[in-house]
Every structure is written in structure tokens, then in C-alpha cells.
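Comments concern the structure below.
The values are calculated or read from the model by the stated rules, or taken from the named source; none is laboratory data. The structure presented is a predicted model; accordingly, all values stated were derived computationally and were not measured. Because the Cβ atoms are built from the backbone with ideal geometry, glycine has one as well, and the counts that use them run over all protein chains shown.
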């Protein structure tokens, strides 16, 4: 099953996608200029492509992903005022400023 939501945050709207699999879901929270990805996805590819990206792990729902703590940042994301340990929600608001 695929779940999609458009979510309004303080600094703009994001698109949230959850694809349920047998074990844990694949979750992406996408802003206009960057995204938060779950542990299924590879930060090396985001860096290679020059994406503004952050990674969260251990999430099972879109809401838990928004509230989760960033554990990894792409090189492009580090150019913003963001840091490992902030929430995904705060990361998305920061990159949408």
C-alpha cells in the first residue's frame, strides 16, 4: 500500500510518501528543494547527485518520521543552518526558508 499526504509546515508544504513493505515502510518527506529519507535510502547517492537531504532511522509512519531526529546530512544540506540531532520537521522548515 502507498500512502501520500501533503503537509503544511511553518515555512511551506511538503509531500510525504510512505510505501509499506513486509518489514518496515519506505518513507520520504519532500520539500521543494530537498528531502528527508528513511534508512532504506543511500546518502552516498544523494551526495553524488548534489541533493539537499537528511536521513532518519527507526521510523514506521510519516508522523514518526517528521518527529524523528536527523542522523545523517548530505554535503549540500550542510550548507544550510541544520545539524544532526535536529528533528526532521525543523530540518524541512530550515531548508524552505
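The criterion of being in a helix (DSSP H, G or I), under 20 Å from residue 1 (Cα atoms) and at pLDDT 95 or above does not hold for residue 18. Within the range 48-63, the set of residues being farther than 20 Å from residue 12 by Cα and assigned to a loop (DSSP other than H, G, I, E, B) comprises 50, 56, 57, 58, 59, 60, 61.
Give the range 21-47 a look and list any residue that's part of a helix (DSSP H, G or I) and in contact with a helix residue (DSSP H, G or I) (Cβ under 9 Å, 6 or more places away or on another chain), or say none. Scanning the range 21-47 gives a single hit, 46. Just one of the listed residues (47, 93) is out of contact with any strand residue (DSSP E or B) (no Cβ under 7 Å at 6 or more places or on another chain) and at pLDDT 95 or above, and it is 47. Here residue 66 passes the criteria (1) surrounded by fewer than 14 Cβ atoms within 10 Å (Cβ to Cβ); (2) touching a helix residue (DSSP H, G or I) at 6+ places or on another chain (Cβ under 8 Å); (3) assigned to a helix (DSSP H, G or I) except the one numbered (1). Taking residues in the range 1-15 that are in contact (Cβ under 8 Å) with a residue 40 or more places away in the chain and on the phi < 0 side of the Ramachandran plot, and partners anywhere that are surrounded by 13 or more Cβ atoms within 10 Å (Cβ to Cβ) and part of a loop (DSSP other than H, G, I, E, B), the pairs with Cβ atoms closer than 6 Å and at least 6 places apart or on different chains are 11/96; 14/31.
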